[in-house]
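These notes are about the structure you will find just below.
Only the coordinates and a few stated rules stand behind these numbers; no lab work does. Quick caveat, the model's predicted, so the values are computed rather than measured. FYI the Cβ positions are ideal-geometry reconstructions off the backbone, even for glycines, and counts take in every protein chain you see.
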2 protein chains.
Amino acid sequence: MIKFTERAPYAPVEYLYDVEEILYRGKSSFQEIMVIRNPYYGKMLILDDVVQLTERDEFFYHEMLAHVVLHAHPEPRRVAVIGGGDGGVVREVLKYGTIEKVYFVEIDEEVIKISRRFFPEVSSGVDDPRVEIRIMDGADFIAKRKTADIDAVIIDSTDIIGFARTLFTPEFFSAVKSCLTDQGMCVTHTESLHFHRDMVVEIQEVLKKVFPVVDLYTATIATYPGNWWAFAVASKGGSPREVRNRASIPTKFYSEEVHGHAFLPRGLYEKLMKRELEW
Amino acid sequence: MIKFTERAPYAPVEYLYDVEEILYRGKSSFQEIMVIRNPYYGKMLILDDVVQLTERDEFFYHEMLAHVVLHAHPEPRRVAVIGGGDGGVVREVLKYGTIEKVYFVEIDEEVIKISRRFFPEVSSGVDDPRVEIRIMDGADFIAKRKTADIDAVIIDSTDIIGFARTLFTPEFFSAVKSCLTDQGMCVTHTESLHFHRDMVVEIQEVLKKVFPVVDLYTATIATYPGNWWAFAVASKGGSPREVRNRASIPTKFYSEEVHGHAFLPRGLYEKLMKRELEW
């Protein structure tokens, strides 16, 4: 059996997947792109040797990244998705009847093309008339906007290294805040609480310098090493723990109940931020 | 770099660990035993090529396996630990001042010996005068007891294959119930909710045929493939979600707050049991 070995950045373990078929191997201006088929996960999208999504379990990540802010915001109309070229987050955003506009900002057009070709069920929303595709650096897109008219900025980046680093700076988060409406929120993944605890804390600290309300929720994603995946969420208005939008949307895992439960218990969060947790 | 490749039973991914040093390799009557040193996790205990514990993160599993039932029971005095030859669960049990007796029932004496030698901080409790070591099959130990005088049975088995299978049968759980005091509880791991969802549900169903109260909680364990680790807990008395024992014990992760939060939200649990969750 052919194997694909993944060594994710900073992860102390490599993951080894059986490869039934190599469906695509190419190189864009930004990264190596590979699509393989695995007997359990189905098709898998791999960028620079790191698994981005699998047919089988992509919904865990995409639902948990998109729906917490979109249920915490009372009525999301205009959303910016930064990264996420596969289209999975865009698909989730379009489930809400209130959505009027989705800026889909991806630096690497090749990822959108490959996803259209190999993951049509993930990229199913990208041709929706409400979606405006912008092929550019997400940090540039945010920095150049002059109006505060976006209700949610959802950052779906690769690991926090290389060209994705610009999406985790104080300057970027300040610019995000300037684009947001009064009750606007933003969310970004911040790697694994098991493997990258310090990075999780640092991004919370950076966000707290910019936003009045910052919080943390987690979800377990089997295909991201460390699994216990942390999402940083920041709000200009109310707490993202609260569900304000009662839209009923089809999901496989997310629910209003999961929403509240996904946030770290307060005491654990406080210990984490005081750097009193060690592992 | 030398690598250790773990293919856990039924897991659709292999884990690859760097090996700085092979500290021990041997074979008992039951299994192959290996101790390696990894740069991140420190010493790792491996049985039949499956990682059982690491110096760095063993506390997640041992705390979450032991403390939920020992905090849900109002005053645990007599405990049986089935398996767990490394001694990690015994160490956690002994943290309670109320404990008078711990039956430590391990089928493979070699595991206890190797743990004393390489993991003294894990096996630190095994020589405590309250601990009675029984080298025998845990199912036999339970079946042969004639008195209902145990407050908690904590089952710390290897994966649910081979000789550990006897610890997951209806007959075994019925015998466990017969050993328990009126408010007695038992707990066992039931593999990963990501990878072994059907097995998690089946063990809940088996327990429900025996016990009036059965529930499920989870913890993320980075070194067990699938990570989202499920624990089945059964009670002859009250709900294990409730904390009745206010004993203050030193822990790294477990807390009363974590206790309640670890249980699946009710709606998610119901969907799981109706087999309405798919992934």
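Data table
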| quantity | calculated |
| --- | --- |
| Qualifying GluC sites (Glu not before Pro) in the range B:155-254, DSSP loop, other Cβ atoms within 10 Å at most 13 | B:GLU242 |
| Most mobile of B:GLY267, B:GLY237, B:GLY125 in a GNM of chain B (Cα contacts under 10 Å) | B:GLY267 |
| Residue-averaged [θ]222 nm for the protein assembly as shown, counting only DSSP H segments that reach four residues, each worth -39500 (n - 2.57) | -7500 deg cm²/dmol |
| In order through the range A:212-217: 3J(HN,Hα) via Karplus (6.51 cos²θ - 1.76 cosθ + 1.60), integer Hz, x for Gly, Pro | x, 10, 9, 8, 9, 10 |
| Under 12 Å, Cβ to Cβ, from B:GLU191 - net charge with Lys/Arg +1 and Asp/Glu -1 | -2 |
| Gap separating the Cα centres of the range B:193-211 and the range B:1-67, nearest whole Å | 25 Å |
| The range A:189-279: C-alpha gyration tensor shape, a/c 1.5 cut-off, then a/b vs b/c | oblate |
| Antiparallel DSSP beta bridges within the protein assembly as shown, percent to nearest 5 | 65 percent |
| Loop-located trypsin sites (Lys or Arg not before Pro) in the range B:177-231, at most 16 other Cβ atoms within 10 Å (DSSP) | B:LYS209 |
| Spin-label model distance (nm) - A:GLU278 vs A:SER28, 7 Å beyond Cα toward Cβ | 4.2 nm |
| Label spacing, shortest first and in nm, from A:GLY162 to its equivalents in the remaining copies (7 angstrom along Cα→Cβ) | 4.0 |
| Whole-Å distance, taken between Cα centres, linking the range A:234-279 and the range B:110-180 | 37 Å |
| Relative contact order (%) - criterion: Cα under 8 Å, at least six apart; region: the range A:187-279 | 29 percent |
| Max mean-square fluctuation residue, GNM over chain A, Cα-Cα springs under 10 Å, options A:ASP18, A:ASP86, A:ASP137 | A:ASP18 |
| Antiparallel DSSP beta bridges within the range A:58-273, as percent of all bridges there, nearest 5 | 45 percent |
| Nearest beta-carbon to the B/A symmetry axis - residue in chain B, distance in Å | B:ASN227, 2 |
| Pairs beyond 25 Å (Cα-Cα), from B:LYS146/B:LYS236; A:LYS27/A:LYS177; B:LYS146/B:LYS208; A:LYS271/B:LYS95; B:LYS95/B:LYS144; B:LYS236/B:LYS274 | A:LYS27/A:LYS177; B:LYS95/B:LYS144 |
| Computed E for B:LYS101/A:GLU21 - FRET, C-beta separation, R0 56 angstrom, nearest 0.05 | 0.45 |
| Reciprocal mean inverse distance between Cα atoms of the range A:2-54 - Kirkwood radius, Å | 11.3 Å |
| 7 Å along Cα→Cβ, label-point gaps from A:LYS146 to other copies, nm, shortest first | 9.1 |
| Ascending count of other beta-carbon atoms within 10 Å, so fewest first, for A:GLU32, A:GLU257 | A:GLU32, A:GLU257 |
| Per-residue Cβ neighbour rank within 10 angstrom, fewest leading, B:SER115, A:SER29 | A:SER29, B:SER115 |
| Highest-fluctuation residue, B:HIS71, B:HIS189, B:HIS261 considered, GNM on chain B with Cα pairs under 10 Å | B:HIS261 |
| Order of A:TRP279, B:TRP228 under a 10 Å beta carbon neighbour criterion, fewest first | A:TRP279, B:TRP228 |
| For B:GLU21, inter-copy label distances in nm, listed shortest first [label point 7 Å out on the Cα-Cβ vector] | 4.8 |
